Amino acid sequence: MGGLPTTKDSQRSTIIKNVNINGNVFKTNYRFSIINGDLSGSIDSLNITNNVIEIGNQEVLFYLLGNINHLNFSGNSVETKKSIFSQGGYFDFSKNYENNSAFFPTTTGSIIVHNNSFKGRVQSIIYDDSDKSENSLSAIKWNLDLLGNTMISQDNKIPVNTKGTYNNTIKTSCRIRNTYCIGGSRGINSFGGTLEDDCDIPFVETTLSTHQTLESGVLTKLLFDKVNHDNRENYNTNTSQFVSSIAGLYQVQVSLVFSDHQSVDSVLVTLNKNGNEQTLLIHSSLNLISDYMLSGMKTIELQKGDVIDIWIKTSGSVKINDVSYLQIRMT
């Protein structure tokens, strides 16, 4: 959909009225696309939805240049084979500054990025560096709306990172909501215009570091003390407790695998809030099957600072396997 600049007078752009790209599988050893809207016309509406996109050893999914009135990128699964961590982004606006800003946008547009998964060693979804601007302005002339996206990597993640000499000239807005960051660390979003950022939604997954043996008839706290994911550092492994940092509805799921047990008439698992409010998660029995599994899930409302932990009482001695897990996520 256009090309990168070769000279200031070689725009290599395109005019599009309405294009829908939906439900495809794309695999390439290079980046996915250049989207370059003509300055005397524009790309009016481009919808890229529900696709599977795999790119090569690249940090860039799109270079976006020129006039793009509306871009909707939603419901896609994106994976890059980037071998070395990149501080760039999947959506990169920095090419607008090359060749004396040949593609510098002249109109304000909107970009929607909803409910996608991004997997790979790329730091940001949205990236811009205005250090090379010839216009003493940032090229970001789009209102950005990011909702429900998941970023998966063992590296640092910053969903939106606009920087450079002219970052403070951005006049548009950016809204970031319900971002799940799995693995690695999370940095601080940067946007020179109006930024609405609710940070990433709390998500915790913990397991047992070793088998836990339970005595018959004794109410015992489940010692989930090995953290697989904790994007907002809500979980305390020393106390096996989750502490809410944001008020809202939370889904709590526990899955327990039992071994080395006889038949047990009663297994009672409860979710305790603030030490006194109890919610039943599991009430069942065990048979003689080795590695017998029980699961339970509840949705509860938490205020900021509320503390929850998981307790169990059985009518016989049992051992809980270390593959058992606890997941807590805000809905």
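Could you check, for the stretch 101-111, whether at least one of its residues is within 17 Å of ASN20 (Cβ to Cβ) and free of Cβ contacts under 8 Å to residues at least 40 places away in the same chain? Steps first, please.
Of the residues in the stretch 101-111, the ones within 17 Å of ASN20 (Cβ to Cβ) are 110-111.
Imposing the further condition that a residue be free of Cβ contacts under 8 Å to residues at least 40 places away in the same chain reduces the set to none.
Within the stretch 101-111, none of the residues are within 17 Å of ASN20 (Cβ to Cβ) and free of Cβ contacts under 8 Å to residues at least 40 places away in the same chain.
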> Among the residues of the stretch 295-303, is any surrounded by fewer than 16 Cβ atoms within 10 Å (Cβ to Cβ) and more than 29 Å from the chain's Cα centre (by Cα)?
Replying inline: no
>> For CYS181, only one of the following conditions fails: (1) crowded, with 17+ Cβ neighbours inside 10 Å; (2) hydrophobic (A, V, I, L, M, F, W, C); (3) part of a loop (DSSP other than H, G, I, E, B). What is its number?
In response: (3)
> Counting only residues that are of a type in the set (Gly, Ala, Ser), buried (at least 17 other Cβ atoms within 10 Å of the Cβ) and in a loop (DSSP other than H, G, I, E, B), how many does the stretch 30-71 have?
Replying inline: 1
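Which one of these is out of contact with any strand residue (DSSP E or B) (no Cβ under 7 Å at 6 or more places or on another chain), of a type in the set (S, T, N, Q) and either modelled with pLDDT of 95 or more or outside the structural domain of SER295 (by TED's automatic domain parsing) (or both): THR179, THR165, THR172? Before the answer, list the steps.
Values: THR179 fails: out of contact with any strand residue (DSSP E or B) (no Cβ under 7 Å at 6 or more places or on another chain); THR172 fails: out of contact with any strand residue (DSSP E or B) (no Cβ under 7 Å at 6 or more places or on another chain).
Only one candidate qualifies: THR165.
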> For the stretch 231-259, how many residues are farther than 25 Å from ASN156 by Cβ and aromatic (Phe, Trp, Tyr)?
Replying inline: 2
>> Please go through (1) of a type outside the set (Lys, Arg); (2) in contact (Cβ under 8 Å) with a residue 40 or more places away in the chain; (3) surrounded by fewer than 17 Cβ atoms within 10 Å (Cβ to Cβ) for VAL122 and return the number of the only condition it doesn't satisfy.
In response: (3)
> Does the stretch 142-165 contain at least one residue that is over 24 Å from ARG329 (Cα atoms) and aliphatic (A, V, I, L, M)?
Replying inline: yes
> Could we say that ASN116 is within 22 Å of SER83 (Cα to Cα), in contact (Cβ under 8 Å) with a residue 24 or more places away in the chain and buried (at least 17 other Cβ atoms within 10 Å of the Cβ) here?
Replying inline: yes
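The values are calculated or read from the model by the stated rules, or taken from the named source; none is laboratory data. Just so it is clear, the model here is predicted, and its values are computed rather than measured. Note that we place each Cβ from the backbone using ideal geometry, even for glycine, and neighbour counts take in every protein chain shown.
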